[in-house]
Amino acid sequence: MKTVHTLAQLRAALASSQRPAFVATMGNLHPGHLELVRQARTLGDITVASIFVNRLQFAPHEDFDSYPRTLQADADQLQVAGCDLLFAPSEAELYPQPQTFKVLPDAALADILEGHFRPGFFTGVCTVVMKLFQAVFAGHAQGVALFGMKDYQQQLIIGQMVRQFALPIEIVTGQTQRAADGLALSSRNGYLSAAERAQAAELHRALRQLAAQARAAADARALAALQQRAEQALAAQGWQPDYLTVRRRSDLLAPEGQLADQALVVLGAARLGRTRLIDNLEF
Ligand code: PAF
C-alpha cells in the first residue's frame, strides 16, 4: 500500500485508474471500516482510503482535539485489508484557506435527528466529502464510494448530494459490524470505561425491542408512546437518550398511517457517561 499526503501525489497515483473505489474515514479504524475496504476491493480497480479528522463537522464543545489519531496503526490495518492507496492529508492541504464555500444539505433531511443535536454537522460532512470526492474522482468517468450503515442519516444525505450534483459516483452502503453482544462498532467505543462497555449493548437491545413493538402499533400516537417509553427505559439504566425513534427509510420522516407494510428504520442516539453512541436497525 502506498501512502500519500498531498492532492498532487493522490492524483498522480490515481492517474491510470478507470474506477477508483473509495472509503473515507477519520481514522482510529475498527473492523467496520476494514470490511468496507474489503468490499471496495471487489468494486473498483484501485482501493483508496482517506484518513482525515474533519474539524468542520465538530462543534466547539465536541471531541475534535481528543479524537484518537492513530495513523501508523491504521495504515498497518489498511494494508492487511488490501487497501492500495492511503490519502492522509494535513489540514493545510485539504483546507489551504478558511472554507467559506460550503455544501449545505437539504434541511428537511439534515436538520433532524443527528442534525438537530449536532447543528451544522452535516454541512461539515458534506463539505469534506465533496472535497474528498473531488480529490479522488476528478478526471474519472466513474467511481464508487462506500459508507457504513451505522451512520444511517449520513449515507442517505451523501447519496442525495451525489444524485443532485450528478456526480458519476456509485454510493454503496456497508452493513453495520457488531460486537458479539450487538454493540455497533464505532471509533468512539474506545471512550467507554469497562463498566460502560458492559452496558453499551443496551442501546442496540432497546432499538430491537422498539422495532418489534412498532410493527404492532396501531397508529402514530401509539408509536409516539412506545418511543417515549423506550427512551425512559434507557434513561432509567443511566443513559441520556437524545432520541429513539421510528422513521421511514426513504426520508427519515415519521411514518403515517398503517406501519405494517412500510419500509422503516429505528434510529437511536444516547450518551453513556461522556460517550455519545448512535445505532439503527432497518425493519
Ligand atoms: O463517517 C465518518 O467517519 C466521517 O463523517 C466522514 C464521512 C469520513 C467525513 O469526515
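The table below lists the values:
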quantity: Criterion violated by VAL125 - all others in (1) within 14 Å of the ligand (Cβ to nearest atom); (2) crowded, with 22+ Cβ neighbours inside 10 Å; (3) over 21 Å from TYR243 (Cβ atoms) satisfied; calculated: (3)
quantity: Candidates LEU146, LEU132, LEU226 - the one that is surrounded by 15 or more Cβ atoms within 10 Å (Cβ to Cβ) and either modelled with pLDDT under 95 or away from the ligand (no atom under 16 Å from the Cβ) (or both); calculated: LEU226
quantity: Verdict on THR100 being over 23 Å from ASN28 (Cβ atoms) and among the hydroxyl-bearing types (Ser, Thr, Tyr); calculated: yes
quantity: Sole exception among (1) under 18 Å from the mean Cα position of the chain (by Cα); (2) open to solvent by 70 Å² or more (accessible area, probe 1.4 Å); (3) not hydrophobic (A, V, I, L, M, F, W, C) for GLY190, by number; calculated: (2)
quantity: Failed item, numbered, when ARG247 is tested on (1) out of contact with any Leu (no Cβ under 7 Å at 6 or more places or on another chain); (2) open to solvent by less than 70 Å² (accessible area, probe 1.4 Å); calculated: (1)
quantity: Test result for PHE117, open to solvent by 50 Å² or more (accessible area, probe 1.4 Å) and out of contact with any His (no Cβ under 7 Å at 6 or more places or on another chain); calculated: yes
quantity: Residue identified as assigned to a loop (DSSP other than H, G, I, E, B) and either free of Cβ contacts under 8 Å to residues at least 12 places away in the same chain or farther than 25 Å from ARG248 by Cβ (or both) among ALA198, ALA180, ALA222, ALA217; calculated: ALA180
quantity: Verdict on ALA233 being open to solvent by 30 Å² or more (accessible area, probe 1.4 Å) and within 23 Å of the chain's Cα centre (by Cα); calculated: no
quantity: Residue, surrounded by the most Cβ atoms within 10 Å (Cβ to Cβ), within segment 56-78, restricted to residues that are within 19 Å of the chain's Cα centre (by Cα), in contact (Cβ under 8 Å) with a residue 60 or more places away in the chain and not in a loop (DSSP other than H, G, I, E, B); calculated: LEU78
quantity: Scope segment 254-269; condition among the aliphatic types (A, V, I, L, M), without any contact (Cβ under 8 Å) to a residue 60 or more places away in the chain and closer than 16 Å to LEU109 by Cα; matching residues; calculated: ALA254, LEU264, VAL266
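To keep it simple, each residue is scored yes or no on (1) open to solvent by less than 50 Å² (accessible area, probe 1.4 Å); (2) touching a Ser or Thr at 6+ places or on another chain (Cβ under 9 Å); (3) farther than 24 Å from PHE133 by Cβ.
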site	(1), (2), (3)
GLY182	yes, no, yes
ALA200	yes, yes, yes
ALA211	yes, no, yes
ARG221	no, no, yes
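The values are calculated or read from the model by the stated rules, or taken from the named source; none is laboratory data. Just so it is clear, the model here is predicted, and its values are computed rather than measured. Neighbour counts run over all protein chains shown; Cβ positions are idealised from the backbone, glycine included. Note: accessible area is taken over every heavy atom of the protein model, side chains too, but ligands, DNA and RNA are not part of it. Shrake-Rupley method; radii C 1.70, N 1.55, O 1.52, S 1.80 Å.
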